Amino acid sequence: MATQHDHAHGHDHEHGHEEHEQLKVLGFWIFVVTDCILFGSLFATFAVLMHNFAGGPTGKELFELPGIIASTFILLTSSFTSGLAVLAMNKGKVKEMISWLAVTAVLGLAFVVLEINEFTHLMHEGATMATSAFWSAFFTLVGTHGLHVSVGLFWMVALMIQLKRRGITPVTRRKVTNLSLYWHFLDVVWIFLFTVVYLMGVM
C-alpha cells in the first residue's frame, strides 16, 4: 500500500514539475511578445522623428557603414553559432554545446564593443540624446537593442556555468532553447534596425 502511495506521490510530483516547466515556457513567450511591442513602439517613434534634425548633424553625415556592416555580420554569425549549440545539445554533446555558446558569447561581446565605439564616435561628433529628436530616437532604439544583447550575454555565461555543473537536463535544455530563440529574435530586430535606421539613414 505504501509503495502504491509513493508511486502516486512520485507521479504527482513529476506532473507538477512538467506543469511548472510549461509555465516557464509560456512566461518566456509572453516576454518575447512584450519585447516585440517594445521594439515596435521604438521603431514607430523613430519613423516619426527620423527627419527631425533640429539643424544638427544627420545620420547621413555621421554613420560609418563599414563598421555597421561588420557589426551586422558578427551578429548574424553569432545567431548561426547559437543554432550550432542547439544542434550539439540535441546530439547530447555537452562540451561541443558549451564551446559553441562560448563562441556565440565572444561574437556578442564584439558586437557590443563595436556599438559602444560607434556611440562614442557619434557623441564626439556632436550627436547626443539632446542634439535633436532624431538622435534621441536613434540612441533609444539602438541602445535598447544593445542592452538586450548585453543581457543575453550574462544569461549565456550563467547558462554555460550551469551546463558545466549539471550537463543536459530537461531544465538546461529548455533554457538553451529559450536563449537561442531570444538570440535569433535580437538578430531579426537588428536586420530591421539596420535597414530602417542605417540604410535608409544614408540614402
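The values are calculated or read from the model by the stated rules, or taken from the named source; none is laboratory data. Given the structure is predicted, the values throughout are model-derived calculations rather than measurements. Note: ideal-geometry Cβ built from the backbone for every residue, glycine included; neighbour counts use all protein chains shown. When the accessible area is computed, the model is the full protein with side chains, heavy atoms only, and any ligands, DNA or RNA have been set aside. Shrake-Rupley method; radii C 1.70, N 1.55, O 1.52, S 1.80 Å.
Restricting to region 155-176, name every residue that is within 18 Å of Asp187 (Cβ to Cβ) and open to solvent by 10 Å² or more (accessible area, probe 1.4 Å).
Residue satisfying the conditions is Trp155 alone.
Kindly provide the set of residues from region 88-111 that are free of Cβ contacts under 8 Å to residues at least 24 places away in the same chain and not aliphatic (A, V, I, L, M), ordered by number.
Within region 88-111, Asn90, Lys91, Lys93, Lys95, Glu96, Ser99, Trp100 qualify.
Which residue out of Thr58, Thr77 is of a type in the set (Ser, Thr, Tyr) and under 20 Å from Phe185 (Cα atoms)? It would help to see each step written out before you state the result.
Values: Thr58 fails: under 20 Å from Phe185 (Cα atoms).
Checking each option against the conditions leaves just Thr77.
Surrounded by fewer than 17 Cβ atoms within 10 Å (Cβ to Cβ) and touching a helix residue (DSSP H, G or I) at 6+ places or on another chain (Cβ under 7 Å), is that true of Gly126?
Working: surrounded by fewer than 17 Cβ atoms within 10 Å (Cβ to Cβ): yes; touching a helix residue (DSSP H, G or I) at 6+ places or on another chain (Cβ under 7 Å): no.
Answer is no for this residue.
Of everything in region 1-44 that's among the small types (Gly, Ala, Ser) and modelled with pLDDT of 95 or more, which residue is least open to solvent (accessible area, probe 1.4 Å)?
Across region 1-44, the extreme among qualifying residues is Gly40.
Condition check: farther than 25 Å from Arg173 by Cα, open to solvent by 40 Å² or more (accessible area, probe 1.4 Å) and either without any contact (Cβ under 8 Å) to a residue 40 or more places away in the chain or in a loop (DSSP other than H, G, I, E, B) (or both). Does Ala47 satisfy that?
Numbers: farther than 25 Å from Arg173 by Cα: yes; open to solvent by 40 Å² or more (accessible area, probe 1.4 Å): yes; either without any contact (Cβ under 8 Å) to a residue 40 or more places away in the chain or in a loop (DSSP other than H, G, I, E, B) (or both): no.
Spelling it out, it is not the case that Ala47 is farther than 25 Å from Arg173 by Cα, open to solvent by 40 Å² or more (accessible area, probe 1.4 Å) and either without any contact (Cβ under 8 Å) to a residue 40 or more places away in the chain or in a loop (DSSP other than H, G, I, E, B) (or both).
Search region 157-168 for residues that are on the phi > 0 side of the Ramachandran plot and pair each with any residue that is of a type in the set (A, V, I, L, M) and open to solvent by 30 Å² or more (accessible area, probe 1.4 Å) when their beta-carbon atoms are under 6 Å apart and the residues are at least 6 apart or on different chains.
Correct list of pairs: Gly167/Val94.
Tell me which residues, restricted to region 50-69, are surrounded by 14 or more Cβ atoms within 10 Å (Cβ to Cβ) and assigned to a helix (DSSP H, G or I).
Selection gives Gly59, Leu62, Gly67, Ile68.
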